[in-house]
Amino acid sequence: MLTLGVNIDHVATIRQARRTVEPDPIAAAVLAELGGANGITAHLREDRRHIQDRDIRILRETVRTHLNLEMAATDEMVRIALSLKPDYVTLVPERREEITTEGGLEIAGNLSRISEVVEKLQGEGIPVSLFIDADEAQIEASAKIKAKFIELHTGTYANATDETTREKEFAKLDRGAQQAISVGLRVNAGHGLTYWNVYPVASITGMEELNIGHSIISRAVLVGMERAVREMNLAMRGEFSSSNS
Ligand code: PXP
């Protein structure tokens with residue numbers, strides 16, 4: 001069954017805009033689960049620009065579905081993950097100056113570091129997902145270091161401004177997913193997915209989980225969290241139209 005992981009980072013982004021206590025991403029996670037989220041995703045960034053250490057500690061205790069901790073492959077984050085024990089970790093590249101995660105991890109060129117982190121986490125029973133572009137060499141490298149999952153970066157597909165590019169990018173995602181499955185990897189996807197572009201990605205054979213943040217939180221500001229999550233689940237089945245409510 002295809003599942004939906006709701007990324008609540010941007011609830012924390014609104015809170016941090018005023019360094020106050022509202023809105024609380026913990027409340028958002030509870031409401032997302034009530035709306036049908038199968039998992040909650042939070043990215044603890046090195047610069048703590050949105051999610052804070054307190055948030056992931058409380059999420060660990062309150063999330064009733066599963067908690068996916070997104071993080072960079074740094075010593076500090078590995079220490080936090082080992083003590084927190086999220087249900088799985090997604091390793092992402094991180095640069096301070098970026099607005100959001102830009103591009104997938106370069107696994108092939110950082111094999112020993114990524115492999116060391118994957119081994120440490122998986123050795124303690126925390127499955128690891130590697131956020132990568134749908135690129136043959138990255139998929140091969142991910143299988144080589146025995147990560148349990150990859151998360152295919154859907155940003156280029158989502159940002160395509162014409163149909164030809166979108167179709168080409170979609171074909172890469174589909175091909176990448178099938179290659180990954182054939183070498184024993186489990187496949188998730190995410191980044192830039194919206195109510196209007198999610199269906200083709202949701203329909204890729206073998207796709208397990210979609211991690212979606214910005215589009216859901218944006219809609220939640222207007223219609224409420226539970227409804228926004230419910231409608232994304234409809235969109236993933238090709239049953240969403242703006243008049244559904
Ligand atoms: N997956 C990964 C690895 C991400 O870094 C992000 C953004 O934090 C997402 C999914 C969600 O992307 P979006 O907010 O564009 O839905």
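General remarks:
- Restricting attention to region 207-220 and to residues that are away from the ligand (no atom under 11 Å from the Cβ) and open to solvent by 40 Å² or more (accessible area, probe 1.4 Å), the residue that is farthest from Glu167 (Cα to Cα) turns out to be Arg219.
- Among the residues of this structure, Glu116 does not count as one that is open to solvent by 20 Å² or more (accessible area, probe 1.4 Å) and closer than 25 Å to Ile204 by Cβ.
- Test: Val201 is within 15 Å of the ligand (Cβ to nearest atom), crowded, with 17+ Cβ neighbours inside 10 Å and part of a helix (DSSP H, G or I): yes
- When Leu121, Leu130 are screened for being without any contact (Cβ under 8 Å) to a residue 60 or more places away in the chain and in contact with an Asp or Glu (Cβ under 9 Å, 6 or more places away or on another chain), only Leu130 passes.
- Considering Ala37, Ala29, Ala42, the condition of being assigned to a helix (DSSP H, G or I), crowded, with 23+ Cβ neighbours inside 10 Å and at pLDDT 95 or above is satisfied by Ala29 alone.
- Checklist (1) within 16 Å of the ligand (Cβ to nearest atom); (2) open to solvent by 90 Å² or more (accessible area, probe 1.4 Å); (3) farther than 21 Å from Leu210 by Cα; (4) polar (S, T, N, Q) applied to Asn159, failing item: (3)
- Some residue of region 77-86 being touching a residue at least 60 places away in the same chain (Cβ under 8 Å) and either in contact with a strand residue (DSSP E or B) (Cβ under 8 Å, 6 or more places away or on another chain) or surrounded by 21 or more Cβ atoms within 10 Å (Cβ to Cβ) (or both): no
- All conditions but one from (1) of a type in the set (A, V, I, L, M); (2) open to solvent by 40 Å² or more (accessible area, probe 1.4 Å); (3) more than 16 Å from the ligand (Cβ to nearest atom); (4) in a helix (DSSP H, G or I) apply to Val21; the one that does not is (4).
- Qualifying residue in region 189-196 (condition: open to solvent by less than 50 Å² (accessible area, probe 1.4 Å) and not in a loop (DSSP other than H, G, I, E, B)): yes
- Restricting Glu98, Glu151 to residues that are at pLDDT below 95, acidic (Asp, Glu) and open to solvent by less than 30 Å² (accessible area, probe 1.4 Å) narrows the list to Glu98.
- From Gly213, Gly190, residue being of a type in the set (Gly, Ala, Ser) and within 17 Å of Leu130 (Cβ to Cβ): Gly190
- Criterion applied to Ala177, Ala171, Ala143 was being assigned to a helix (DSSP H, G or I), touching a Gly at 6+ places or on another chain (Cβ under 8 Å) and open to solvent by 10 Å² or more (accessible area, probe 1.4 Å), and the one residue passing it is Ala143.
The values are calculated or read from the model by the stated rules, or taken from the named source; none is laboratory data. These numbers come from a predicted model, not from an experiment. Using ideal geometry, Cβ is built from the backbone for each residue, glycine included, and neighbour counts are taken over all protein chains shown. Heavy atoms of the whole protein, side chains included, go into the accessibility calculation; ligands, DNA and RNA do not. Shrake-Rupley method; radii C 1.70, N 1.55, O 1.52, S 1.80 Å.
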